[in-house]
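Just below is one structure, and these are the notes that go with it.
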Amino acid sequence: MFLLNSIFQDPERFDQLVSIAQSSLLPMVKGAIKYTIPLTIITFVLGLILAILTALARISSSKILNTIARIYVSIIRGTPLLVQLFIIFYGLPNLGFTIDPFPSAIIGFSLNVGAYASEIIRAAILSIPKGQWEAGYSIGMNRTQTLKRIIFPQAARVSIPPLSNTFISLVKDTSLASLVLVSEMFRKAQEIASTNYEFLLLYSEVAILYWIICTVLSIIQGRIESRLDRYVSK
């Protein structure tokens, strides 16, 4: 409260903060458009593909595939995302594998999304009554056909809400990419703050930008879920 009073009582200080906020907005938005949003979309798509394959491996009758999938999920869920990013970007060069910042972030986030989303998809598949499987078998479908034509479409509707939440969380998690030198939105805020030392102002500004993006995505999620509810009710 004292800080706010001192700012408003000093017109020059207030004007300086407004000027800094205005000049920093465009670089942050560019960072979001160039890196944050593409990183979110690319990693979510790749992670979703990996999640589907992992979920199918988890429910398969193959003990080898099941074991591999379990170990992968256990490792990713049992270690911090930041540590995973550091291993990929800073650790692998010790083994002779040097990966640029943006691809490193894509690999790290995709592996992370794949593990968590696989459990969502697996749970959605297992939530479908066994009678649906039996119905597919009764009309001559094999396991793959039943899964593709009957089970998976129903599981997709069940998994959309939690997967949407995963996507929104991923937007915020991309801020960790700043620590592997990706010039995304939060990295831009850090770079600007290091020149003028207005950390509170700039970090609050970038927080507001993240909040705006996530709010828009939440609204879109709500509309998608409403349409799905109407579709299911029909």
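I'd like to verify a number: residues in segment 89-101 that are assigned to a helix (DSSP H, G or I) and in contact with a helix residue (DSSP H, G or I) (Cβ under 7 Å, 6 or more places away or on another chain), how many? If you could, list the steps in order and put the result at the bottom.
Taking segment 89-101 first, the residues assigned to a helix (DSSP H, G or I) are 89-95, 101.
The next check asks that each one be in contact with a helix residue (DSSP H, G or I) (Cβ under 7 Å, 6 or more places away or on another chain); those that pass are 89, 101.
Going through segment 89-101 one residue at a time, the tally reaches 2.
Identify, from the list Ser169, Ser178, Ser183, Ser204, the residue that is surrounded by 20 or more Cβ atoms within 10 Å (Cβ to Cβ), of a type in the set (S, T, N, Q) and under 22 Å from Ile33 (Cα atoms). Steps first, answer last, please.
Values: Ser169 fails: surrounded by 20 or more Cβ atoms within 10 Å (Cβ to Cβ); Ser183 fails: surrounded by 20 or more Cβ atoms within 10 Å (Cβ to Cβ); Ser204 fails: surrounded by 20 or more Cβ atoms within 10 Å (Cβ to Cβ).
Residue meeting the stated conditions: Ser178.
Taking Glu225, is it of a type outside the set (Val, Ile, Thr), crowded, with 16+ Cβ neighbours inside 10 Å and touching a residue at least 24 places away in the same chain (Cβ under 8 Å)?
Details: of a type outside the set (Val, Ile, Thr): yes; crowded, with 16+ Cβ neighbours inside 10 Å: no; touching a residue at least 24 places away in the same chain (Cβ under 8 Å): yes.
Considered against the rule, which asks whether it is of a type outside the set (Val, Ile, Thr), crowded, with 16+ Cβ neighbours inside 10 Å and touching a residue at least 24 places away in the same chain (Cβ under 8 Å), Glu225 comes out as no.
So for segment 103-126 (the condition being β-branched (Val, Ile, Thr), surrounded by fewer than 19 Cβ atoms within 10 Å (Cβ to Cβ) and not in a helix (DSSP H, G or I)), does at least one residue qualify? Can you show your working first?
Let us first name the residues in segment 103-126 that are β-branched (Val, Ile, Thr), namely 106-107, 113, 120-121, 125.
Subsequent filtering for residues that are surrounded by fewer than 19 Cβ atoms within 10 Å (Cβ to Cβ) retains 107.
Now narrow it down to the ones that are not in a helix (DSSP H, G or I): none.
Looking for residues that are β-branched (Val, Ile, Thr), surrounded by fewer than 19 Cβ atoms within 10 Å (Cβ to Cβ) and not in a helix (DSSP H, G or I), one finds none in segment 103-126, hence no.
Which one of the conditions (1) free of Cβ contacts under 8 Å to residues at least 24 places away in the same chain; (2) of a type outside the set (A, V, I, L, M); (3) loosely packed, with under 15 Cβ neighbours inside 10 Å does Pro38 fail to meet, given that it meets all the rest?
(3)
Checking Ile212 against (1) outside any helix (DSSP H, G or I); (2) modelled with pLDDT of 95 or more, only one condition comes out false. Which one?
(1)
With Leu85, Leu53 as the choices, which residue is buried (at least 19 other Cβ atoms within 10 Å of the Cβ) and either in contact (Cβ under 8 Å) with a residue 60 or more places away in the chain or of a type outside the set (Ser, Thr, Tyr) (or both)?
Numbers: Leu53 fails: buried (at least 19 other Cβ atoms within 10 Å of the Cβ).
Only one candidate qualifies: Leu85.
The values are calculated or read from the model by the stated rules, or taken from the named source; none is laboratory data. All figures in this text were calculated on a predicted structure; none of them were measured in a lab. Glycine also receives a Cβ, built like all others from the backbone with ideal geometry; neighbour counts cover every protein chain displayed.
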